[in-house]
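Working notes, structure below.
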Amino acid sequence: MAMERARRFVDALTRLEETGELDALLALFGEDSQVSNVVSHRTFHGKDGARDFWAEYKGMLRQVKSTFRNMIESGDRVALEWESNGTAHNGAAVSYEGVSIIEWEGECISRFYAYFDSRVLGLELSRGSAPRSEAPATVPA
């Protein structure tokens, strides 16, 4: 079935974002998996590492919802183009976009890596001052 792996990941991530429930997402990761992103200073290993990574993701924002523009699946590789919107713990609006690459071995994810503009996200989380968080300017008539 085309896009089956991409859909499994997206459905599990949606469950995490909506309910905080990690189990469906963690069930996708293999014992030797690697999980990271552009802002992490380390690679998280195995199911325990995946648990730590996704708990940090969910804990970073008070509320978050990801939407997916493109899902590409070819063989054992999935590429997801996404935008995540939410609210930081300081009340600031957060909106950032990126791409996640997922590598599969059989039925398990062996590697997950997310690419996004960490500067924009950092400004939004700390001060709510990134351009995407600011109210749109009004244009004089």
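The values are calculated or read from the model by the stated rules, or taken from the named source; none is laboratory data. Owing to the predicted nature of the structure, the values given are computational and were not obtained by experimental measurement. In this analysis, Cβ positions are derived from the backbone assuming ideal geometry, glycine residues included, and neighbour counts consider all displayed protein chains.
At a glance:
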read-out: Only listed residue being acidic (Asp, Glu), under 20 Å from Asp117 (Cβ atoms) and touching a residue at least 12 places away in the same chain (Cβ under 8 Å), chosen from Glu56, Glu81, Glu31, Glu73; value: Glu81
read-out: Some residue of segment 103-118 being closer than 15 Å to Val35 by Cα and touching a Leu at 6+ places or on another chain (Cβ under 8 Å); value: yes
read-out: Of residues in segment 20-54 being polar (S, T, N, Q) and touching a strand residue (DSSP E or B) at 6+ places or on another chain (Cβ under 6 Å), the one modelled with the lowest pLDDT; value: Asn37
read-out: Test: residue in segment 55-71 that is farther than 15 Å from Ala27 by Cα, of a type in the set (D, E, K, R) and at pLDDT 95 or above; value: yes
read-out: Identity of the residue in segment 119-141, surrounded by 15 or more Cβ atoms within 10 Å (Cβ to Cβ) and of a type outside the set (Asp, Glu), that ends up modelled with the highest pLDDT; value: Leu121
read-out: Listing of helices (runs of 4 or more DSSP H) fully contained in segment 1-78 that carry 2 or more residues being among the hydrophobic types (A, V, I, L, M, F, W, C) and surrounded by fewer than 16 Cβ atoms within 10 Å (Cβ to Cβ); value: 46-60
